[in-house]
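Worksheet for the structure shown next.
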Amino acid sequence: MKMKAVFLAAVLLLLSSCAGRELPDVSVTPEKAAELAGANTPVLCGYKGRIAVKAEERGESVSFNALLDKNCSGKLSITLLGALNSVLARMDYSRDGFSVEASDPDIKNYLNTAGVFYAVLADRYIKSPLMVPDGGFVLSAEKDSYVFTGRDGVKIYADGNFRLYKYFDGNSEAVYGWDGASIRTAELSGKDGGITIRFLNGAGWKGPAEGR
């Protein structure tokens, strides 16, 4: 009897979670869906605050906390934090150059090798939307998502509210965890590994559309 009650509770929980989902409207045209996706996806490009980063590559992983200051014109600085929020290093990046400051020579050598990778990722992927579909994309429905597929195999996913959250270009994938008008996580993955960024500000990543 107890097992039956547990099973019934699990079924009710599953049904209630499904009832709360926004299911795709399969009658919408590709042109209208693309228009709605562009209008309903918040435009974010700047962030100033704490982040947590976990990177995995070929079986090896590294995790760190940092302060990120990124503006909307392609300039950013990343301050790596150690124990008790001590400053381990600082990286400054723009499309014109890259520099590292660190008192520990091992950390400095590592960042001179790998730091550009993190900076380029932040510059390219801490931006929403990454791309907006147009009427040339083929529209389909997949579970609770709209899927826009381009002729070159690019796929862009929107949720039931026409908010873009996932991008796939055949080699890499970017998935954004939306919480209202802000993003809590960005997960980037490719053939050799992946990186997860958590935005630790109270409001998540809710950056300006222009300005900074």
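Values as computed for the structure displayed
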item	result
Hull-based mean projected area of region 101-140, where the convex hull spans the alpha carbons, in square nanometres	4.5
Amide H partners (placed H, <5 Å) of ALA203, local residues excluded	none
Principal semi-axes in Å for the chain [√(5λ), Cα gyration tensor, largest first]	35, 24, 16
Trypsin sites (Lys or Arg not before Pro) within region 122-159, DSSP loop, no more than 15 other Cβ atoms inside 10 Å	LYS143, ARG151
Probe 1.4 Å, accessible area per residue of the chain, Å²	58
Cubic angstrom per residue, convex hull over Cα atoms of region 135-205	90
Built amide H within the under 5 Å cut-off of GLY82, gap 5+	VAL87, LEU88
Gain upon complete extension [TYR110, ALA52; 0.36 nm per residue less C-alpha separation]	19.0 nm
18 Å Cα-Cα reach of LYS206 towards lysines, excluding residues that sit fewer than 8 places from it in its own chain	LYS48, LYS70, LYS75, LYS127, LYS166
Tilt relative to the chain, helix 2-19 - C-alpha long axis, 0 to 90 degrees, to 10	80
Solvent-accessible area, 1.4 Å probe, carbon plus sulfur percent, for region 83-212	50
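The values are calculated or read from the model by the stated rules, or taken from the named source; none is laboratory data. Predicted, not measured: the structure shown is a model, and the values here were computed from it. Because the Cβ atoms are built from the backbone with ideal geometry, glycine has one as well, and the counts that use them run over all protein chains shown. Ligands, DNA and RNA are stripped out before the accessible areas are found, and what is left, the full protein with its side chains, is counted by its heavy atoms. Shrake-Rupley method; radii C 1.70, N 1.55, O 1.52, S 1.80 Å.
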